[in-house]
Amino acid sequence: MVYKRISLQIVWAAYVVFLVFMSSHSSHAAPDQSIAEERPKVGLVLSGGGARGIAHLGVIRVLEENRVPIDYITGTSMGSIIGGLYASGMSVAEIEETVNRIDWDGVFNDRTPRKDRSYRRKRDDDFALIKSKPGIDGLTLKLPQGLVQGQNISLLLAELTLPVATIKDFDQLSIPFRAVASDIVTGEPVVLGSGLLGQAIRASMSVPAAMAPVEIEGQLLVDGGISINLPMTVAREMGADVLIVVDISTPLFDREELDSTLEITIQLTGLLTQRGTQAQRRTLTPNDILIVPELGDITSGDFDRGQEAITVGDKAATENIAILRGLALSDVAYAMHVAARVKPSKDLPVIDFIRLDNQSRLSDDVLRARLTSRPGQRMDLDVVEADIRRIYGMELFQNVVWELVEENGLTGLVLHAKERPWGPNYLQFGLDIEGNFEGDNQFNLSLGYLGTAMNKLGGEWRALLRLGEEPGILAEVYQPLDAHSRYFVNPSIEVERDNVNLFEDGDVLAAFRVKRSGIVLAAGREFGTWGEFRLGWRRFTGENEVRVGDPALPTTDFDTGQGFVRFSVDELDSLYFPRSGLFGNFEWRFSRESLGDGANYEQFLFNGFGARSWGRHTLIGGLRYLTTPEDDAPIESLFRAGGFLRLSGFQRNELSGQHYAQVVGVYQRRLFDFNLMPTYAGVSVEIGNVWQDQDDITFDDTITAGSIYVGFDTFVGPIYFAYGLAEGGNSSFYSFLGTIF
C-alpha cells in the first residue's frame, strides 16, 4: 500500500508538471487553464491589529485547503507582516512556526544586550546613571522619534525576507504584494510596491511614538493604520476583481470601559483606525467576502496567544466556507496556479563586494574594523548579524541594517549605519540612595554630559557632577588611538568627598571627611567587548577632616602620587541583576614619593564574581580580596566594608582596615515576567572581615553574614530592599538605589 501511494503521488506530480509545461509551450490552453484565465482575480486584504493579526494565518490556511486562489495581497501593519511573508514564498506552516518562536519582547526592545556593548559603554553602568539619555544641542533637548528605534525588528524582517532580498519590485514576488504605510508629515497613505520588502513591512508597522518612523525616498513613514488600516482600494488598484477582506481591528471600548488614562489612549488610537476602516468597508461589493474573526479579549499586545488567534482565524474562515468555495479552483487548476508562483531560492549567495553606507561622523575604517564578513565567501547570516551587533553596540547609531544588491552581475552586501538623530551629545541623570531604616541615610544625585563622536576615531568626553552626601566632579576625555579602538588614552580631572568611619563594637569612634582633588592620566588596550588592560598615574592633594570623634584629632593634609596597573574582564549580561557571565578586575597600586606621594606603600586589589542561571533561578558567586602588604596605607587609602552584600548586617562602611577579604554566594529568582520592571528575590551568604594588621588574618576571625532581598530593575536604576544579619548580633534593614555588584 505504501508503494502504491507513493506511485500515485509520483504520477500526480508528473501530471501537474506536464500541464504546466504544456500551458507554457502551447497556444491552445488546457480547459482548466482557460477557466483560470477567465476566473475573477482575487485580492486578499489583511488589516492591522498587532498580535490579533496572527489570526490571518488561520484564514490563509483555510483558503489553501479549499483551493481558493490568491492573486494579490495588500496588508497594513501586522497584516503587512503576514501578507508580505506569505507573498515572499513562505508557507503558512513556516510563518506559523516563526511567529510562535519569536521573542516578541526582545524584538520590540532596542536595548543592546550588554554582552554586545563595547567595553567603554559597559563602564557607563559604574556611574549608576539612568539608562535612557536625551540628546542635547546647545540648550535644546532632543528626544528619539520613538520609544523603540526598530533595530531588532529590522534585522528580523531582513532575515525572514532574505530569499527575496534582491527582488525590488513586489510584483515579482510569489504573489504581487503591497504594504501600506502613512506619511507622518501629511497623514496621507503611502503604498509601497517596491524597494526592500523587510523595510516596507517595517514602515507599515511603525506605530507613531512607539516606534521610530522609517525614511523611504524622503518620506517619514509610520503605521499605515492611521490612514488605511484595511487597504481594500489598494487591492482593487492592483487589479483584483473580488476581495477577501480580513478585519482583525481592535474593537472600540464601551463607555463603561473607559475608566482610566490607558483605556482613553487606546480608544483614541482605535478611533484613528476605525474611521478609515469603516470607510473602506463601505466599498464592499456583493462579490466581496468579509471575514471578521471573533478574537474576544486577545489584545494587540498578546503575542503569546498567537496559536489561539490562528485557531480563531481558521474558525472564522470556515464559517464562510460556502461563499469561499464559489472562488475555488479544481485540483488541477489550483495546482497550476500554485506552480506558477515564483519560488525564491533559499541558497545564500556568494558576496562579491561589501560596501558601507556610513551616515555618521566616524571614519569608515572604524566601522570596517568591526567587520569579519569578507568578499568572495558565501553569505553567513550569523556572521553578518554579529558584525552589526558590534557596530550597534557602540551605541552611536539609531539603526544598523544590511541589504543585498545586484550590480553588473555581482552580488553585494551593503551595511547602512544611521547615526542617532538625537545625538551625539547627551544629558545623563543618576540617583544613588541608601538607607538602613535607622536614620543612617545617604543620597547622591548625578548630572552628566556625554559628548560622543568628537572625531573620526570616536573620541568622547564626559563631565559628571554628583551632589549629596558624597559629592564629586569628574571631567574626562577618552580617545581611541586606532580604528579598532584597541588602544586609548583616558586623562581625567576628579574632585571627591568621601566618608570614612572608624567603628568599635558598633560604635563610631571617629568619622572622617576625606577630601581630594587631582588628575588621573591613563592609557591602555581594550580586548573586544570583554576586557581591558590599563596603566596610569594618579596625582591628588587632599585633607582628612574629623567630622565625628575626639575634637583633639587633627585635620591632616595628604598627597597621593600613585601608579597603577589594572586588568579587567566584564562579560556579565547585567551589572544589576546578573544571570550569566563573569566579571573581574585585578589592580596593583604603588604609591611612591618619587611620584608625588607622601609615603611609599603598595596595595593589591582583586574583585570577581560570576553568575549562572537555569530558568528563573540564578546562582552568583564572588570573591573580594584587597590587601596592603606592609600595613602602611594612610587613612584615605583604607579599605571599607559593611552594607548590603558587603558583610550585610553592618552599617555602610562600618568596617575599615588595611585588608579586606570576603566570599559571597547569592541565590536569586526572578518573580514575574513583567518586562517593564523585572522583579527578583534573593538570599545571600557572606563570609569575610576587615583587618588592620596582616598577622591578624585568620579564618577563625572571619564573620558570617547574610541577607534576604527583593530587587526591581526600574528605568531609574536597580532598587533593592533588604535585611542583613551578621554574627555578633549586627543587623540592619536597607533600601538601596544603585549598583551593588
Next item on the list: Starting from the Cα of SER91, step 7 Å toward the Cβ, then list every residue of region 287-317 with an amide N under 16 Å from that point.
Entry: none
Notebook entry, point to check: Dividing the Cα radius of gyration by the Kirkwood radius, what Rg/Rh value follows for region 198-244?
Noted result: 1.06
Note to self: Rolling a 1.4 angstrom probe over the protein chains, ignoring ligands and nucleic acids, what is the accessible area of GLU686 in square angstrom, nearest 10?
What the structure shows: 0 Å²
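For region 508-579, rounded, prolate or oblate, judged on the Cα gyration tensor with a ≥ b ≥ c (square roots of eigenvalues), a/c < 1.5 rounded, else prolate if a/b > b/c? Don't skip to the end; give the middle numbers.
On the way: a/c = 4.83, a/b = 1.80, b/c = 2.68.
Taking the square roots of the gyration eigenvalues as a ≥ b ≥ c, region 508-579 is oblate.
Please report Rg over Rh for region 106-191, where both radii come from the alpha carbon positions and Rh follows the Kirkwood definition. Please report the intermediate quantities before stating the final value.
Values: Rg = 18.7 Å, Rh = 17.0 Å.
So for region 106-191, dividing Rg by the Kirkwood Rh gives 1.10.
Taking the Cβ-Cβ separation of VAL548 and THR166 as r and a Förster radius of 60 Å, what is the calculated FRET efficiency to the nearest 0.05?
Working: r = 74 Å, r/R0 = 1.23.
Efficiency at R0 = 60 Å is approximately 0.20.
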Note to self: Using amide H atoms built in the peptide plane, which far-off residues or other-chain residues are under 5 Å from TRP530 H to H?
What the structure shows: none
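Determine, for each peptide in 203-211, 442-450, 159-167, the mean count of other beta carbons within 10 angstrom over its residues, then list the peptides with the highest first. It would help to have the intermediate numbers written out before the result.
Details: 203-211: 22.3, 442-450: 17.4, 159-167: 20.2.
Listed from highest to lowest mean packing, they are 203-211, 159-167, 442-450.
Over all pairs of distinct alpha carbons, what does the Kirkwood formula give as the hydrodynamic radius of region 601-642, in Å? Walk me through the numbers on the way to the answer.
Working: mean 1/r = 0.0784 Å⁻¹.
Here the Kirkwood hydrodynamic radius works out to 12.8 Å.
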Margin query: Test of understanding: given the chain, find the longest segment containing no trypsin sites (Lys or Arg not before Pro) that are in a DSSP loop and have at most 11 other Cβ atoms within 10 Å.
Written below: 347-741
Check: Which helices count as membrane-span-like in the chain under these terms: full DSSP H, at least 30 Å along the axis by C-alpha, Kyte-Doolittle mean of 0.0 or more?
Finding: 2-25
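When you have a sec, figure out the Kirkwood radius of region 330-432 from all distinct Cα pair distances and drop it here in Å to one decimal? Don't skip to the end; give the middle numbers.
Values: mean 1/r = 0.0606 Å⁻¹.
Taking the inverse mean of 1/r over all distinct Cα pairs, region 330-432 comes out at 16.5 Å.
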Notebook entry, point to check: How fast does region 569-723 diffuse by Stokes-Einstein, in µm²/s, taking the Kirkwood radius from C-alpha pairs at 20 °C and 1.002 mPa s?
Noted result: 126 µm²/s
Next item on the list: Using only protein heavy atoms and a 1.4 Å probe, report how much of THR714 is accessible, in Å² to the nearest 10.
Entry: 20 Å²
Next item on the list: Grab the DSSP H runs of the chain that are 4 residues or longer, score each as -39,500 (n - 2.57), total them, divide by all residues and round the 222 nm result to the nearest 500 deg cm²/dmol.
Entry: -6500 deg cm²/dmol
Note to self: Just to be sure I understand the curve: with the Debye formula and one point per C-alpha of the chain, what is log10 I(q)/I(0) at q = 0.06 Å⁻¹?
What the structure shows: -0.49
Checklist line | Simple label model, 7 Å out from Cα along Cβ direction - SER613 to SER594, nm | finding: 5.0 nm
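What does the charge add up to near GLN151, with Lys and Arg as +1, Asp and Glu as -1, over the other residues with Cβ less than 12 Å from its Cβ? Provide the component values of the computation, followed by the final result.
Details: positive: ARG111, ARG202, ARG389, LYS418, ARG420; negative: ASP110, ASP116, GLU385, GLU395.
Every neighbour counted, the sum reads +1.
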Item checked: Cα Rg over Rh - region 470-628, Kirkwood -> 1.04
Next item on the list: For each pair in LYS133/LYS418; LYS115/LYS142; LYS168/LYS346; LYS346/LYS418, compute the distance between the two Cα atoms and list the pairs where it is over 22 Å.
Entry: LYS115/LYS142; LYS346/LYS418
Note to self: Can you list residues from other chains, or at least 5 along the same chain, whose modelled amide H is less than 5 Å from the amide H of ILE291?
What the structure shows: VAL245, VAL246, ASP247
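The values are calculated or read from the model by the stated rules, or taken from the named source; none is laboratory data. These numbers were taken from a predicted model, which means no experiment stands behind them. In this analysis, Cβ positions are derived from the backbone assuming ideal geometry, glycine residues included, and neighbour counts consider all displayed protein chains. Just so you know, the surface numbers come from the protein's heavy atoms only, side chains and all, with ligands and any DNA or RNA stripped out. Shrake-Rupley method; radii C 1.70, N 1.55, O 1.52, S 1.80 Å.
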